[in-house]
1. Listed highest first by mean packing, meaning other Cβ atoms within 10 Å per residue, what order do 162-170, 351-359, 78-86 come in?
2. Please arrange I450, I269 by counting, for each residue, the other beta carbons lying within 10 Å of its beta carbon, fewest first.
3. What is the Cα radius of gyration of segment 133-236 over 2.2 N^0.38 Å, N being its residue count?
4. Quick one: net charge of L203's neighbours, Cβ under 10 Å, K/R +1, D/E -1?
5. Expressed in nm to one decimal, what extension gain is obtained for the pair E201 and D161 from 0.36 nm per residue of sequence separation less their Cα-Cα distance?
6. Highest mean first, how do 278-284, 443-449 rank when packing is the count of other Cβ atoms within 10 Å averaged over residues?
7. Under 12 Å from the Cα of K263, which aspartates and glutamates turn up, not counting those fewer than eight places away in the same chain?
8. Report Rg/Rh for segment 187-281, rounded to two decimals, where Rg is the Cα radius of gyration and Rh the Kirkwood radius.
Amino acid sequence: MLTGYSRSSPESQAGYLVQLIGKAVVVLISTASRVQINGHLNAFRPIYYLGCKVSLTSAISDAINEVDPSGGRMVDLFAGTGVVASAMGASRDVTTVDVQEYSRVICSAILRPPRLSDQKICNLSNEVAKGQFSSRLLWCIAPLAEHEHRCMISANNGEIDGLIELLEAPSLVLVEEFGFIGEGSALGKATYEVIQRMQMEGLWNSSETTVTRNFGGVYFSYQQAALLDAALNVAARSDEDIKDGLTAVAISTASSLVNTVGKQFAQPIQPRSKSGEIKLSLAKTVQRDRSIEMLGSYQSWLQKYVNLVPAVGASTMLRQDYLDALTTHGKDFSVVYADPPYTRDHYSRFYHVLETMCLRDNPQISRVKKRGETTFSRGLYREDRHQSPFCIRSEAPGAFDALFKAASGHELPLVLSYSPHEAGDGTHPRVVSMAQVVDLANAYYKRVEISVVEGMSHNKLNRNDLKLTKREHAEVLLKCFC
């Protein structure tokens, strides 16, 4: 535990405190003196992201520059949405690494934003809205889009049954393969007509319609899903220098549109409580998100990406495992920044839709056991979704050891972000303690220091069963010197 410091000490009043605990020097960074930490609060946020480091980039940048004053290439091994890489890209060459394709796409778009004229932006928007592909797909999904619209009108008038049936229905992919909806109902008739139209147009089982078939009616309205597919289609057919940028615009738009609590992709809207009662705010919640005009959101995000300032140095984005990246490219780096996913929340349910959008594939959907029966996951999670070894108790110590060993083997100083967990604070536990991490780092580095960023807390979900208490001392930076 980090104890024993006095807030009245001169060092504390100056905004920092140096303390020796075991073999690690601890530095407390006070937000009172580090006002600049808050300077990034309004920074670019491409998606809703757990543990986003926007408010911590100043402290992280200082730590990176301290362990490596040379200004050489930094590698961000678990890049996520590229917040740290973007901050460091203002002064260094940067390489981002992540096993997820959506991360590579976002980092590419942020570090090398698309350069588009106003006319090009207008042309792209028109192609998404009225192009040949979007016209075909919108015709295909029209029966369900119209049915959904009627259900919303009825729900606003107090007749909620149709909306509940729609929300509890499976995605088109599952209906076509397993026939979960009877053809006799209005929803069933509309569903099977949509499937037939898509088959006639050659759009069924096509990677061009993965959003519509997998997530339409579940995470988005049918029209929103179709237009997201249209946006991805435009991106895929664009020149290489803007392809990632336009794909990032599509997934940022999806993050704005998604009809869930908290704007994440962990779980679709549940129309009923656990006791089976209809949720009172259901119609309002669904109407709020599914009435968002996709094209307006798309154009807004397109302009935001175009307005980004590109990194000053050379940027490289890799979809790769962290150890593979260090093994293959370690000689090219000057310093390592690592923010591994420490809990089961990360690299998991919360980004699977974005990953599928970027891969544009037809993923196998994971299955779960309920009441002794095997069924498809309600969230339509990818069967191959990644699980980090850093959040598996039996594997985490070895993962940390391998990280420190690989980085130090290339004589690379390292900054590690860590969010402590305290027993009883409501947060999901870390499977390796801070003390264990320090001991592992000390086995490979000459000097290890800990900086505690005071007064910060991470984003938490607001679903009742995942309410996590915000806590002070929410971030620790482990600085490893060669």
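Computed from the coordinates by the stated procedures, all read-outs in this text should not be read as laboratory data. Bear in mind the structure is a predicted one, so any value in this text is a computation, not a measurement. Cβ placement follows ideal geometry from the backbone for every residue including glycine, while neighbour counts extend to all protein chains displayed.
1. 78-86, 351-359, 162-170
2. I269, I450
3. Scaled against compact globular proteins, the figure is 1.02.
4. Taking every Cβ under 10 Å from that of L203, the sum is 0.
5. Details: separation 40, 0.36 × 40 = 14.40 nm, distance 3.20 nm.
Fully extending the segment from E201 to D161 adds 11.2 nm.
6. On the way: 278-284: 13.7, 443-449: 16.9.
Ranked from most to least packed, the peptides come out as 443-449, 278-284.
7. Within reach: D289.
8. Expressed as Rg/Rh, it is 1.05.
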